[in-house]
1. When B:ASN75 is evaluated against the numbered criteria (1) within 10 Å of chain A (Cβ to nearest Cβ); (2) in contact (Cβ under 8 Å) with a residue 12 or more places away in the chain; (3) not small (Gly, Ala, Ser), which criterion, by number, is the only one it fails?
2. If I go through the range A:45-95 residue by residue, how many of them are closer than 26 Å to A:PHE139 by Cα, out of contact with any strand residue (DSSP E or B) (no Cβ under 9 Å at 6 or more places or on another chain) and assigned to a helix (DSSP H, G or I)?
3. Can you pull out every residue in the range A:223-251 that is out of contact with any strand residue (DSSP E or B) (no Cβ under 8 Å at 6 or more places or on another chain), within 30 Å of A:THR178 (Cα to Cα) and not aliphatic (A, V, I, L, M)?
4. Which one is modelled with the lowest pLDDT among residues in the range A:122-158 that are within 25 Å of A:ASP196 (Cα to Cα) and touching a Pro at 6+ places or on another chain (Cβ under 9 Å)?
5. I want to confirm something. Restricting to the range B:104-114 and keeping residues that are crowded, with 23+ Cβ neighbours inside 10 Å and among the hydrophobic types (A, V, I, L, M, F, W, C), which single residue is farthest from the other protein chains (Cβ to nearest Cβ)?
6. Six or more apart or on different chains, Cβ atoms under 6 Å: show the pairs whose first residue is in the range A:272-293 and at positive phi and whose second is in a helix (DSSP H, G or I).
7. Considering only residues that are crowded, with 24+ Cβ neighbours inside 10 Å and either part of a helix (DSSP H, G or I) or in contact with a His (Cβ under 7 Å, 6 or more places away or on another chain) (or both), which ones fall in the range A:112-126?
8. In the range A:25-42, how many residues are more than 10 Å from chain B (Cβ to nearest Cβ) and open to solvent by 30 Å² or more (accessible area, probe 1.4 Å)?
Amino acid sequence: MGKPIGDNTEVSTMPTVDGRYGIYGGRYVSEVLIAALDELRDSYSRLKSDPDFVAEIERDLRNYVGRESPLYFAERLTREMGGARILLKREDLNHTGAHKINNCIGQALLAKYMGKPRVIAETGAGQHGVASATVAARFGLKCRVYMGSDDIARQSLNVYRMKLLGAEVVPVTTGSRTLKDALSEAMRDWVANVDDTYYIIGTVAGPHPYPMIVRDFQSVIGKETKKQCLADYNQLPDAIVACVGGGSNAMGIFHPFLQDEEVRLIGVEPAGKGIETGMHAAPLSKGQVGVLHGNKTYLMQDENGQILPTHSISAGLDYPGVGPEHSWLKDIKRAEYVSVTDEQALHAFRQLNLLEGILPALETAHALSYGAELASKMGKDEIVVINLSGRGDKDIPTMAKIDGISIS
Amino acid sequence: MSRISNCFEQLEAQNKKALIPYVVAGDPVPDVTVKVMHKMVEMGADLIELGVPFSEPEAEGAVIQVAHERALEHNVSLRDTIQMVADFRQNDKTTPVLLMGYINPIEKMGYEEFAKLAKAAGVDASLLVNVPPEEGVELEIALRKQDIDTIYLVAPTTTDTRAAYLCAKSTGFIYYVSLKGTTGASTINMDEVETRFNHLKQFTKIPMVVGFGIKDGASAARVAEFADGSVVGSAIVQIFADNKDKPDIIVESVGALISEMRTAMDLVSVG
């Protein structure tokens, strides 16, 4: 109780004061936003050690979100794979069904303390949109969510859910009509309404201080995991596996382990139809350094520096960039980044349903696929933690369509 | 003396204000751009802002976003854009041209290479929407080596301390963004813009121009009452959108709008 948010000074010195993680990060934004980013940086810096603010977040994480989330031993999956013990960090059991709410509670409270009556958000799969709309309802804030029109079509349940929560969902029809375009549109809204609006970015990307703030709010996942693993098994995990789109659930579970160098940290990117086909969304596996949405990071881009269209079966991972801290962790080799195809993710999705009675999100299924394979090659006395970042109710229509089943 | 300094000096001698149109390179087809540039100069434009197409134009409103998309249908790159300036320079050695865009295509090309190619083509300045001075240090050095100006934006939300810093960092001229919002946003209170503009003038001796929200002769003229120049973007780009299959009409219509603005601005500043 009362410990400042994201207090991991002992495990990381990043970002620098100018918002850099090595060469990555920064604040590549229009001058119009600089004052707002300064205000946010200063407010956060003050509030993260304000006992009232910290207590309010902890109370809501406990009583509203339902933390802490269990660290569950997946016994049948472990037996099936025949190797390391597989533990699932059950972020799917949070209120609204994913890790996204951890960050949204924190940022909505920031908005409240900063006196901003209106929040905006971008969303891909709709999980961050739902979480934003939820906390907006909880704190009495006006909420508008930007979502690519293609994503609206493939995530209709979440769209309706946001509307039930009183949020306005605005379809974005420019560009590839997915997450990146929703992010650009949300930035445009913020530029125009910066006086009364707080922009809740859903992932560890964007201009400084966002990657740091989102990481700090999500690091509750890793802190709990560490505590639970030590309490139940008297050891740290040997490997931690999480899916990476923008990278917030991965950063949240990785960050408290950065200095525990014996713990392998593995981020799983979506390989879509296969890295070699170009139809993927895996900038860390096959991208180049560039600048997008306020930060320098690995991106999917062509030889002229234009951002490439992405593909993934999971809307939440369908993004051409990645949080700058992941880019840094890749370069310094503290984390490893691998990729998993749509097909492999679908297999893992079905497998978890059948073996554990858990319906994972398609995003999460990428981590499950790699994590289970990894476990099969490890010793029985070892532990693999997979971050079960979200539940898959929202993906049922997509799955039914793949299976040729009509549901109404 | 640089083309930009020379341009503002001559305007001042004639008691006129700069008219600065913005077009996106390659919109709607690559071979229109240089023709439009010449036409705009003929009808009274003083400097030209050439937009470098980018797939994620974050700070643009709908009109200019779509212009970037039209140009990218023809894969118009930073290299192609610079080549258009070189082509323009064949017949126009005096009108300043600045490239306006986003940093990523330049990151990809490399700062030194960009500065060298831009200089050789006759580019006078660079204005990158998503690069505040803190992120532009190395690029600025590369550009300065080639005598290319770096122009920074000052916004309505900018504090006085920061405005002084931005003014000190800008060379050539300073671009005051007249409103919070994306390009082409509709509401603009000119009296407020004037008050803020006059306050900001204390921080600089180089010219300061106003952009965003200037749509027609009347608004361009109103800005000319106090600023050193008016930047016109969406109003011109809208003509490209309306006539995307008729390049000849684009050239004529843009020329007509420039002419209207020139006349209106000159009535104010000279009169």
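1. (2)
2. 19
3. A:GLY246, A:SER248
4. Filtering the range A:122-158 for residues that are within 25 Å of A:ASP196 (Cα to Cα) and touching a Pro at 6+ places or on another chain (Cβ under 9 Å), the one modelled with the lowest pLDDT comes out as A:GLY148.
5. B:PHE114
6. Filtered contacts from the range A:272-293: A:GLY272/A:ASP342; A:HIS293/A:LEU183.
7. A:ALA121
8. 2
The values are calculated or read from the model by the stated rules, or taken from the named source; none is laboratory data. Just so it is clear, the model here is predicted, and its values are computed rather than measured. So basically every Cβ, Gly included, is an ideal-geometry build from the backbone, and we count neighbours across all protein chains shown. The area values use the complete protein model at the heavy-atom level, side chains included, leaving out ligands, DNA and RNA. Shrake-Rupley method; radii C 1.70, N 1.55, O 1.52, S 1.80 Å.
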